[in-house]
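Colleague: Structure in structure tokens, see below.
A short reminder: the numbers here are calculations on the coordinates, not readings from a lab. The shown structure was predicted, so the numbers you read here are calculated from the model rather than taken from an experiment. FYI the Cβ positions are ideal-geometry reconstructions off the backbone, even for glycines, and counts take in every protein chain you see.
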Amino acid sequence: MKKFYITTPIYYVNSYPHIGHSYTTLACDIVSRYKKSRGVPVHFLTGTDEHGINIEKAAQAAGVSPKEWADKVAAAYKDLWKNLNIEYDDFIRTTDRRHEGTVQAVFEILLAKGDIYLGHYSGMYCNSCETYMDETEAPGFVCPIHKKPLNEVKEETYFFKLSKYQDALLKFYENNPDFLSPSFRGTEISNFVKSGLKDLSVTRTKVAWGIPVLSNPAHTVYVWFDALINYVSAAGLGAKICKDKAFFEMENKKAGVKNFEDVWPADVHLIGKEIYRFHAVIWPAMLMALGVPLPKKVFAHGWWTVEGEKMSKTLGNIVDPKKVADEYGLDPLRFFLFREVPFGADGDFSMDAFIRRYNADLANDLGNLLSRTLNMAAKYGDLPAGDYKCELLEKAYKLDKEIERHMDALALDKALEAVWSLIGNMNRYIDDKKPWALAKTDEAAAKTVITDLIYTLRRVTDWVTPFMPATGAEMKKRLSPGPVQKYAPLFPRLEIKK
């Protein structure tokens, strides 16, 4: 059975990770955990992008070699993912031999096919993006993302025949409407391709820190052409196209990949919207040129601002997810990021909003529901085991299909909204039935109400766990059959700090 293959972008190591990087990786972790909970085999890939002139500059400023710098920042990403309880299956680095070898082999295959050719290029270049832009993409030749003037660059370069695949891309988009997701971003990509594609410069002669072209080592592979190939180098393509098959087969085994078809094509590439064009235009064209199946979905989410401002070192408003998690708890942070805004849209992070959401949804709704149920259950002996049916539980079973649809569509906020609608119904169920008053006249009926709540809460636990793993484990422990224990509140209320 092919594994469900989900990927984050590989993060550029010119600086250390922040809440934006964490958002993407947490989303993949949530989807991965959900799929695994449904019995689906999953391969979850993340990693780091480590070549290019910006890495050379960052390393030089730090007084170390590019490799030493990359090692240090890659380790910081791994540490943060551990702190955020992210369970990835593989971590690819573009300085890994399995990746570099695959990139070199891909380049030579496309060169031999004529899809890569040697020429000269002159154009306006953003050093921060490491990409050429024309005036339609950068009005006034100022980068729209970094707000810096572009530099004119002239050099000998190899080109990839991107223009050759314009019609094939448009046909693919039409035949695979879920590929460009969310749909409102897909229109922009389609219009861009319809406006005409130009061949892409894919090597540099002035950037030493990169993967050398085997047949012409004076050229290093353009960082974006190099980076995109990570998705197939990690999936085991090297064992199919590289000469040293034994080495690549061994690397596949280490990564938990039986063979390329075990994971490819990717089911979801999850990325930020600023790199959508690379993944939705250049990457599928590269795969078409290679004769490799295309991913099933490329999903671009929005950006996070902080208190209404773009995150920047100058403003000093970059949110460190580890600090928030250390102070307020990891699971509340994971929950907030996917409950607060529609997944795919832009969002704003503020501590006031975080605390309000925590108190309303976690302390008042979920935490209070669990405490009320267990406190009432303590009067009736052990928590029950075995099969059980009731109207409340039937609602949960029906809701399960709705949640599955939302998760498959990566509508993570809607999945949580559906769960919390049931939690709200359960709290109202307690208020309507008033089991504490009912017990005075009909103890059996009161016990039935509480049993309904216990079994339905166990189902809620299953849905909560991918988003809040530690919370899910704690709920499962508290709701397990046997004697009712006394516990501290699951989510103590927080006060907004002035």
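Colleague: Can you order the peptides 2-10, 393-401 by their average number of other Cβ atoms within 10 Å per residue, highest first?
Modeller: Packing order, densest peptide first, comes out as 2-10, 393-401.
Colleague: Would you grab the residues whose amide H sits under 5 Å from the one on Tyr12? Only those 5+ places off in sequence or on another chain, please, with H modelled 1.01 Å from N.
Modeller: Excluding prolines and chain starts, which carry no amide H, the hits are Asp49.
Colleague: In whole Hz, with x marking every Gly and Pro, tabulate ³J(HN,Hα) for the stretch 27-43 from phi via Karplus 6.51 cos²θ - 1.76 cosθ + 1.60, θ = phi - 60°.
Modeller: Once rounded to whole Hz, the list reads 4, 5, 4, 5, 5, 4, 5, 5, 4, 4, 5, 9, x, 8, x, 10, 10.
Colleague: Still on this structure, please answer the following. Excluding same-chain residues fewer than 8 positions from Lys323, which lysines have a Cα within less than 17 Å of its Cα?
Modeller: Straight-line reach from Lys323, under 17 Å: Lys78, Lys82, Lys313, Lys497.
Colleague: Most exposed first by the Cβ proxy, i.e. fewest other Cβ within 10 Å, how do Phe107, Phe467, Phe172 rank?
Modeller: With the sparsest Cβ surroundings first, the list reads Phe172, Phe467, Phe107.
Colleague: Then there's this: Which Cys in the chain stand alone, with every other cysteine's Cβ at 4.7 Å or more from theirs?
Modeller: Cysteines lacking a close Cβ partner in the chain: Cys28, Cys242, Cys390.
Colleague: Check the straight Cα-Cα distances from Lys245 and name the lysines below 21 Å, setting aside those fewer than 8 residues away within the same chain.
Modeller: Lys253, Lys254, Lys258
Colleague: How much of the DSSP beta bridge set in the chain is antiparallel, as a percent to the nearest 5? Before the final figure, lay out the partial values.
Modeller: On the way: 23 of 45 bridges.
Close to 50 percent.
Colleague: Pop out the Kirkwood hydrodynamic radius of the stretch 4-302 from its pairwise C-alpha distances, inverse of mean 1/r, in Å to one decimal.
Modeller: After inverting the mean inverse Cα-Cα distance, the result is 19.6 Å.
Colleague: For the chain, find the longest principal axis of its Cα atoms and tell me its angle to the long axis of helix 330-339, 0 to 90°, nearest 10.
Modeller: Helix 330-339 and the main axis of the chain meet at about 80 degrees.
Colleague: Treating the beta-carbon of each Lys and Arg as +1 and of each Asp and Glu as -1, no other charges, what is the dipole magnitude of the chain about its Cα centre, to the nearest 20 debye? Working shown, then result.
Modeller: Numbers: 66 positive and 64 negative charges, 193 e Å.
Around 920 debye, computed over the chain.
Colleague: Would you grab the residues whose amide H sits under 5 Å from the one on Trp303? Only those 5+ places off in sequence or on another chain, please, with H modelled 1.01 Å from N.
Modeller: Asp346, Gly347
Colleague: Now, a different point. Could you tell me which residue out of Gly119, Ala235, Gly186 lies farthest along the dipole of the chain toward its positive end? Charges go on the beta carbon: Lys and Arg +1, Asp and Glu -1, centred on the Cα centre.
Modeller: So the residue furthest toward the plus end is Ala235.
Colleague: Can you give me the convex hull volume of the Cα atoms of the stretch 392-436, divided per residue and expressed in Å³?
Modeller: About 51 Å³ per residue, rounded to a whole number.
Colleague: Given H placed 1.01 Å from N in the peptide plane, which residues other than close sequence neighbours of Thr95 have an amide H under 5 Å from its amide H?
Modeller: The list, which skips near neighbours in sequence, is Glu50.
Colleague: Sticking with this structure for a sec: Once phi is turned into θ = phi - 60°, what whole-Hz ³J(HN,Hα) does the Karplus curve with 6.51, -1.76 and 1.60 give for every residue of the stretch 264-277, x standing for Gly and Pro?
Modeller: Result, rounded to whole Hz: 8, x, 4, 7, 8, 9, 9, 9, x, 5, 5, 10, 5, 4.
Colleague: Any chance you could list P(r) for the stretch 350-479, counting all Cα-Cα pairs in 10 angstrom bins from zero, rounded to whole %?
Modeller: P(r) for the stretch 350-479, in whole percents per bin: 11, 42, 34, 11, 2.
Colleague: Greater than 31 Å separation of Cα atoms is the criterion. Which listed pairs, Lys36/Lys379; Lys296/Lys398; Lys273/Lys398, meet it? All intermediate terms of the calculation are to be shown ahead of the outcome.
Modeller: Values: Lys36/Lys379 36 Å; Lys296/Lys398 28 Å; Lys273/Lys398 34 Å.
Among Lys36/Lys379; Lys296/Lys398; Lys273/Lys398, the Cα-Cα distance tops 31 Å for Lys36/Lys379; Lys273/Lys398.
Colleague: Right, here's the next one. Considering only Cα-Cα distances, which of the following residue pairs are longer than 21 Å: Lys148/Lys310; Lys35/Lys414; Lys389/Lys476; Lys72/Lys322; Lys164/Lys243; Lys148/Lys194?
Modeller: From the list (Lys148/Lys310; Lys35/Lys414; Lys389/Lys476; Lys72/Lys322; Lys164/Lys243; Lys148/Lys194), the Cα-Cα distance tops 21 Å for Lys164/Lys243; Lys148/Lys194.
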